[in-house]
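What follows is one structure encoded as structure tokens, with my remarks underneath.
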Amino acid sequence: MSKGVVKKIKEYQPDEIILLPLYPQFSTTTTASSFDNFHKELKKQKIVAQIKYICCYPTNPQFISAHCRLIKQAINNTTSTGFGNFRLLFSAHGLPQKIIDAGDPYCYQIKASVDAIVAELEETNLDYKICYQSKVGPLEWTKPSLEFEIKRAALDKKSLIIVPISFISDHSETLVELDIEYKELAYQNKIPFYYRVPAFNLDGYFIKALFDICKRISEADIECSGGDFGIKICPNNFQKCINLNTTK
């Protein structure tokens with residue numbers, strides 16, 4: 001895929017290239033590997049241009065506000081149907097735990113996003129949990145799992161509002177896993193009400209956030225922007241954070 005995109009870039013001959021990941025939270029398995037693949041293709045096709053990297057935007061104010069707008073709509077819809085005893089489950093794509101243990105800041109940034117959302121929602125005694133989905137293979141993965149939290153919510157007699165915290169568009173993890181498989185699991189466990197907050201897709205508030213992020217880095221004299229625009233949010237123990245290392 002990078003090969004075709006880079007070929008079009010070469011035809012366009014830009015002075016500046018901004019790499020904007022559609023992964024709000026940084027991980028070596030997603031953003032870093034995509035940057036690496038793209039950079040290798042740029043070298044291969046001998047493209048010379050200034051390159052700027054947006055490594056992450058987990059706490060970007062407009063990104064958080066876009067989440068809150070959709071979540072508030074979901075809460076209103078849920079309470080209006082009489083299911084006010086609900087729990088928010090912020091579900092992110094899981095990773096093998098060994099990747100996190102090696103210094104990947106993904107889980108740290110997921111929590112940063114959730115903390116910012118909860119703070120902005122200003123809901124009294126909000127019941128919420130962070131969990132992880134899409135486990136494959138025999139390795140130990142990030143916990144708790146969404147399956148575990150669904151079963152725990154059933155024991156607590158909670159309705160569920162599922163927030164796809166690491167997914168910005170609909171695909172198999174939302175349309176199949178969240179909307180079919182996990183929903184079926186919820187009803188098998190007698191969850192009284194299950195609602196999945198929509199992914200951003202073409203949400204105008206989210207697109208405006210991406211536009212502003214790109215505009216700011218284009219106007220700034222920095223090569224890599226992450227966190228609160230240029231301010232590193234990951235503690236130094238997360239050695240895989242791109243802002244702790246020299247950008248390629």
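Just a few scattered comments:
- For residue 96, the shell of other residues with beta-carbons less than 14 Å away shows a net charge of +1, using +1 for Lys and Arg and -1 for Asp and Glu.
- Share of Cα-Cα pairs in the chain lying beyond 21 Å, as whole percent: 61
- Amide H within-cut-off set for residue 18, under 5 Å, with H built and near neighbours excluded: 52
- Dipole magnitude (debye, nearest 20) for region 14-133, charges at Cβ of Lys, Arg, Asp, Glu: 340
- For residue 196, the residues 5 or more places off, or on other chains, whose built amide H falls under 5 Å of its own are 162.
- An ellipsoid equivalent to region 84-134, defined through the eigenvalues of its Cα gyration tensor, has semi-axes of 25, 13, 6 Å when rounded to whole angstrom and sorted largest first.
- As a length-normalised measure over Cα pairs under 8 Å and 6 or more apart, the relative contact order of region 4-81 settles at 39 percent.
- Prolate/oblate/rounded call for region 76-161, Cα gyration tensor, a/c under 1.5 rounded: oblate
- Based on Cα contacts under 8 Å between residues 6+ apart, region 78-162 shows a relative contact order of 48 percent.
- For region 141-149, 3J(HN,Hα) computed residue by residue from phi via the Karplus equation (6.51, -1.76, 1.60; θ = phi - 60°) reads 10, 4, 10, x, 7, 4, 4, 4, 5 Hz, glycine and proline entered as x.
- Cβ crowding within 10 Å averaged over residues, with 92-103, 131-142, 48-59 ranked highest first: 48-59, 92-103, 131-142
- Taking the chain and dividing mean pair separation by its residue count, relative contact order in percent (alpha carbons under 8 Å, at least six apart): 27
- Placing 3, 10 in order of accessible area, with the largest value first and a 1.4 Å probe, yields 3, 10.
- Long-range amide H partners of residue 86 with built H, under 5 Å: 159
- Residue 48 paired with residue 151, simple spin-label distance in nm, labels 7 Å along Cα-to-beta-carbon: 6.1
- The residues packed around residue 241, meaning those with a beta-carbon under 11 Å from its beta-carbon, carry a net charge of +1 if Lys and Arg are +1 and Asp and Glu are -1.
- Residue 139/residue 5 FRET efficiency (R0 30 Å; Cβ-Cβ; nearest 0.05): 0.40
- Taken one residue at a time, the phi angles of region 100-114 give Karplus couplings (6.51, -1.76, 1.60, θ = phi - 60°) of 5, 4, 7, x, 6, x, 3, 5, 4, 6, 4, 5, 4, 4, 5 Hz. Gly and Pro are set to x.
- Restricting attention to the chain, close to 5% of DSSP beta bridges with both partner residues there are antiparallel.
- Net charge dipole, the chain: roughly 480 debye, given to the nearest 20, about the Cα centre with Cβ charges of +1 for Lys and Arg and -1 for Asp and Glu.
- Of all accessible heavy-atom area on region 1-142, the percent that carbon and sulfur account for (1.4 Å): 53
- In this structure region 1-69 gives 54 Å² per residue of accessible area when probed at 1.4 Å with all protein chains present.
The values are calculated or read from the model by the stated rules, or taken from the named source; none is laboratory data. Quick caveat, the model's predicted, so the values are computed rather than measured. Methodologically, a virtual Cβ is constructed for each residue, glycine included, from the backbone with ideal geometry; neighbour enumeration extends over all protein chains shown. Just the protein is used for accessible areas: all its heavy atoms, side chains included, with ligands, DNA and RNA removed. Shrake-Rupley method; radii C 1.70, N 1.55, O 1.52, S 1.80 Å.
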